[in-house]
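In what follows, a single structure is set out as structure tokens and then discussed.
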Amino acid sequence: MSKLTIRDVKTILTAPAGSRLIVVKVETSEPGLYGLGCATFTQRHLAVRSAVDDFLKPFLIGKDPHRIEDIWQSAWVNSYWRNGPVLNNALSGVDMALWDIKGKLAGMPLYQLLGGKCREAAAVYRHAGGRDEVQLEESVRAYMEQSYHYIRCQMGGYGGSEQSAHRRPENALPGAYFDPDAYARSVPRMFDHLRKKIGFEVELLHDVHERVVPIEAVRLAKQLEPYRLFFLEDPLAPEQIDWFRMLRQQSATPIAMGELFNNPQEWKPLIVERLIDFIRVHISQIGGLTPAKKLASLCEAFDVRTAWHGPGDVSPVGHAANVHLDVSCPNFGIQEWSGFTDAAKSVFPGCPEVRNGYAYPNDRPGLGIDIDETEAAKYPCSDGVPAWTMTRTPDGTVVRP
Ligand code: MG
């Protein structure tokens, strides 16, 4: 039998639910044996495509797809300079695809390769929202009626934009204006309303989106203690991790952090000093399953639970990878869930399913999910330069997400 090698590497761009998704397909010398991986960096999808097509593909062709760890390590240092989000996402696409191939070769779903299930399914949380407390309460109740037990609560637009009492300066630049002080005042009010109306039986979460100054994050975490949040997410930006020590000393509100992280040096101090309760990295952003399983094990030793990032700009392939990790990690905490449109399900046969608030991986070999390239081509990525929300404070200063 001839030696198995990587024959081709392709990037597939598709947007069946609006977000620009990037999926990498690694084909092997064995006819019909291929793997899929998520490389989605929705704001810089063309840069990721170039990183895969122009650099990783020629680097990989002819290599042995069995050797996942060696390929990950050598690809990571191949450009000398350490990876940032573009190269990490590109590497993730390859890495997940190699794990998918390994599962197909073994005839086992990925969770079996990771040690087998230590739970049947992964509890998920959904996003409730509304313009005000009353609308938000309706949204929370709708998810409760669908048997969801964990619900993230936000008011206003992304990051909680709220009508500001401030006037804008003359010639203010266009953007989504956001008042951090009005936002910080609104959050305890919001949870006070929800706990009074719906009680404490359901778990509530909140995402600060790193949008307040550090001392306000400390005050907010303290003020939210009586409402017993499941977690408070991203109270501080990655640039502010020194502030976590003060936050921890001041408040017992559980903290989740990490969707903007790229590198182990960002998460290591938070974990080993026990400054957070949940790690929330975006798995493709850190380079794929190979670094994620190591991160989960590091967290296990320090009683930090996993809460992998799971928004709409993770492809269904990435969501499948999340769920395989979720059911096989002893220190799993919760899985963010955004659901799949019918169009996404048609492009990605085998999407993981949610029933009664739990996500189930499917039992097909590997990641258990496929891509229909003809369907994918029906949903091209939109033209133009994609950008994250250009948010400004009342005086016009850009807000760091
Ligand atoms: Mg978030």
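The values are calculated or read from the model by the stated rules, or taken from the named source; none is laboratory data. It should be emphasised that the depicted structure is a prediction, and the values quoted were computed from it without experimental measurement. Quick reminder, even Gly has a Cβ in these numbers, built from the backbone with ideal geometry, and neighbours come from all protein chains shown. Ligands, DNA and RNA are stripped out before the accessible areas are found, and what is left, the full protein with its side chains, is counted by its heavy atoms. Shrake-Rupley method; radii C 1.70, N 1.55, O 1.52, S 1.80 Å.
Does G368 satisfy the condition of being open to solvent by less than 20 Å² (accessible area, probe 1.4 Å) and under 22 Å from P109 (Cβ atoms)?
Numbers: open to solvent by less than 20 Å² (accessible area, probe 1.4 Å): yes; under 22 Å from P109 (Cβ atoms): yes.
Criteria met by G368.
Considering only the range 68-121, how many residues are surrounded by fewer than 20 Cβ atoms within 10 Å (Cβ to Cβ), charged (D, E, K, R), assigned to a helix (DSSP H, G or I) and in contact (Cβ under 8 Å) with a residue 12 or more places away in the chain?
2
Of everything in the range 306-336 that's over 21 Å from N89 (Cβ atoms) and within 16 Å of the ligand (Cβ to nearest atom), which residue is farthest from the chain's Cα centre (by Cα)?
To start, the set of residues in the range 306-336 that are over 21 Å from N89 (Cβ atoms) comprises 327-334.
Now narrow it down to the ones that are within 16 Å of the ligand (Cβ to nearest atom): 333-334.
Details: G333: 14, I334: 12 Å.
Among them, the one singled out is G333.
Among the residues in the range 193-202, are any within 16 Å of E233 (Cβ to Cβ), at pLDDT 90 or above and under 26 Å from the mean Cα position of the chain (by Cα)? Give the steps one after another, and end with the answer.
Going through the range 193-202, the residues within 16 Å of E233 (Cβ to Cβ) turn out to be none.
Looking for residues that are within 16 Å of E233 (Cβ to Cβ), at pLDDT 90 or above and under 26 Å from the mean Cα position of the chain (by Cα), one finds none in the range 193-202, hence no.
What number of residues within the range 40-95 are on the phi > 0 side of the Ramachandran plot and modelled with pLDDT of 95 or more? Break it down stepwise before answering.
The initial filter retains those residues of the range 40-95 that are on the phi > 0 side of the Ramachandran plot, namely 62, 80.
Subset that is modelled with pLDDT of 95 or more: 62.
Going through the range 40-95 one residue at a time, the tally reaches 1.
Only one of T14, T5, T28 is over 25 Å from V385 (Cα atoms), open to solvent by less than 10 Å² (accessible area, probe 1.4 Å), touching a residue at least 60 places away in the same chain (Cβ under 8 Å) and not aliphatic (A, V, I, L, M). Can you tell me which? Write out each step before concluding.
On the way: T14 fails: over 25 Å from V385 (Cα atoms); T5 fails: open to solvent by less than 10 Å² (accessible area, probe 1.4 Å).
Of T14, T5, T28, the one residue that is over 25 Å from V385 (Cα atoms), open to solvent by less than 10 Å² (accessible area, probe 1.4 Å), touching a residue at least 60 places away in the same chain (Cβ under 8 Å) and not aliphatic (A, V, I, L, M) is T28.
Quick one: count up the residues across the range 138-154 that are among the aromatic types (F, W, Y), open to solvent by 40 Å² or more (accessible area, probe 1.4 Å) and under 12 Å from Y358 (Cβ atoms).
As a first pass, look at the range 138-154 and keep what is among the aromatic types (F, W, Y): 143, 148, 150.
Adding the requirement that they be open to solvent by 40 Å² or more (accessible area, probe 1.4 Å) leaves 143, 150.
Checking the rest, the ones that are also under 12 Å from Y358 (Cβ atoms) come to 150.
Number satisfying all stated conditions: 1.
Among what's in the range 213-223 and is hydrophobic (A, V, I, L, M, F, W, C) and in contact with a Phe, Trp or Tyr (Cβ under 9 Å, 6 or more places away or on another chain), pick the residue that is farthest from the ligand (Cβ to nearest atom).
Here is the first cut: in the range 213-223, the residues hydrophobic (A, V, I, L, M, F, W, C) are 213, 215, 217-218, 220-221.
Still in the running and in contact with a Phe, Trp or Tyr (Cβ under 9 Å, 6 or more places away or on another chain): 215, 217-218.
Working: I215: 21, A217: 14, V218: 19 Å.
Here the residue is I215.
State all residues of the range 371-401 that are surrounded by fewer than 15 Cβ atoms within 10 Å (Cβ to Cβ) and among the basic types (K, R); if no residue qualifies, say none.
Matches in the range 371-401: K378, R400.
So N263 fits all but one of (1) modelled with pLDDT of 95 or more; (2) away from the ligand (no atom under 15 Å from the Cβ); what number is the exception?
N263 satisfies all of (1) modelled with pLDDT of 95 or more; (2) away from the ligand (no atom under 15 Å from the Cβ) except (1).
In the list F231, F200, which residue meets the criterion of being within 16 Å of the ligand (Cβ to nearest atom) and either surrounded by fewer than 19 Cβ atoms within 10 Å (Cβ to Cβ) or closer than 17 Å to V140 by Cα (or both)?
Details: F200 fails: within 16 Å of the ligand (Cβ to nearest atom).
After ruling out the rest, the residue left standing is F231.
Which condition does E210 not pass, out of (1) of a type in the set (D, E, K, R); (2) within 16 Å of the ligand (Cβ to nearest atom); (3) not in a loop (DSSP other than H, G, I, E, B), if it passes all the others?
That leaves (3) as the condition not met.
Quick one: I369 ticks every box in (1) of a type in the set (A, V, I, L, M); (2) closer than 23 Å to V86 by Cα; (3) away from the ligand (no atom under 16 Å from the Cβ) except a single one, so which number is it?
Unmet for I369, out of (1) of a type in the set (A, V, I, L, M); (2) closer than 23 Å to V86 by Cα; (3) away from the ligand (no atom under 16 Å from the Cβ): (2).
Out of curiosity, is Q249 within 16 Å of the ligand (Cβ to nearest atom), assigned to a helix (DSSP H, G or I) and open to solvent by 10 Å² or more (accessible area, probe 1.4 Å)? Lay out the reasoning, then the answer.
Details: within 16 Å of the ligand (Cβ to nearest atom): no; assigned to a helix (DSSP H, G or I): yes; open to solvent by 10 Å² or more (accessible area, probe 1.4 Å): yes.
Taking the combined requirement at face value, the residue does not satisfy it.
Give me the residue from the range 259-298 that is touching a residue at least 40 places away in the same chain (Cβ under 8 Å) and small (G, A, S) and, out of that set, nearest to Y125 (Cα to Cα).
Taking the range 259-298 as the starting set, the residues that turn out to be touching a residue at least 40 places away in the same chain (Cβ under 8 Å) are 259-260, 262-263, 277-278, 280, 283-291, 293.
Checking which are small (G, A, S) leaves us with 284, 287-288.
Working: S284: 20, G287: 24, G288: 22 Å.
Restricting to residues being touching a residue at least 40 places away in the same chain (Cβ under 8 Å) and small (G, A, S), the top hit is S284.
Show the residue pairs that are 6+ apart or on different chains and have beta-carbon atoms under 6 Å apart, the first residue being within the range 216-234 and over 23 Å from V281 (Cβ atoms), the second being open to solvent by less than 20 Å² (accessible area, probe 1.4 Å) and of a type in the set (D, E, K, R).
Every condition considered, the pairs that remain are Y227/R195.
State all residues of the range 25-65 that are acidic (D, E) and over 20 Å from I371 (Cβ atoms); if no residue qualifies, say none.
Step one: list which residues in the range 25-65 are acidic (D, E), which gives 27, 30, 53-54, 64.
Correct list: D54, D64.
Restricting to the range 214-228, name every residue that is aliphatic (A, V, I, L, M) and surrounded by 15 or more Cβ atoms within 10 Å (Cβ to Cβ). Can you show your working first?
Start the filter on the range 214-228 by keeping residues that are aliphatic (A, V, I, L, M), which leaves 215, 217-218, 220-221, 224.
A217, V218, L220, A221, L224 - these are the residues of the range 214-228 that are aliphatic (A, V, I, L, M) and surrounded by 15 or more Cβ atoms within 10 Å (Cβ to Cβ).
Which numbered condition in (1) more than 14 Å from the ligand (Cβ to nearest atom); (2) closer than 23 Å to D100 by Cα; (3) open to solvent by 10 Å² or more (accessible area, probe 1.4 Å) is the only one that T341 fails?
Going through (1) more than 14 Å from the ligand (Cβ to nearest atom); (2) closer than 23 Å to D100 by Cα; (3) open to solvent by 10 Å² or more (accessible area, probe 1.4 Å) one by one, T341 breaks only (2).
Find the residue count for the range 266-285, including only residues that are surrounded by 19 or more Cβ atoms within 10 Å (Cβ to Cβ) and either more than 15 Å from the ligand (Cβ to nearest atom) or not aliphatic (A, V, I, L, M) (or both).
Within the range 266-285, the first condition is being surrounded by 19 or more Cβ atoms within 10 Å (Cβ to Cβ), and the residues that meet it are 267, 270-271, 275-285.
Applying the additional criterion that residues be either more than 15 Å from the ligand (Cβ to nearest atom) or not aliphatic (A, V, I, L, M) (or both) yields 267, 270-271, 275, 277-278, 280, 282, 284-285.
Count: 10.
Please go through the range 170-194 and give me each residue that is within 17 Å of L136 (Cβ to Cβ) and touching a strand residue (DSSP E or B) at 6+ places or on another chain (Cβ under 8 Å), ordered by number.
S186, V187, M190, F191, L194
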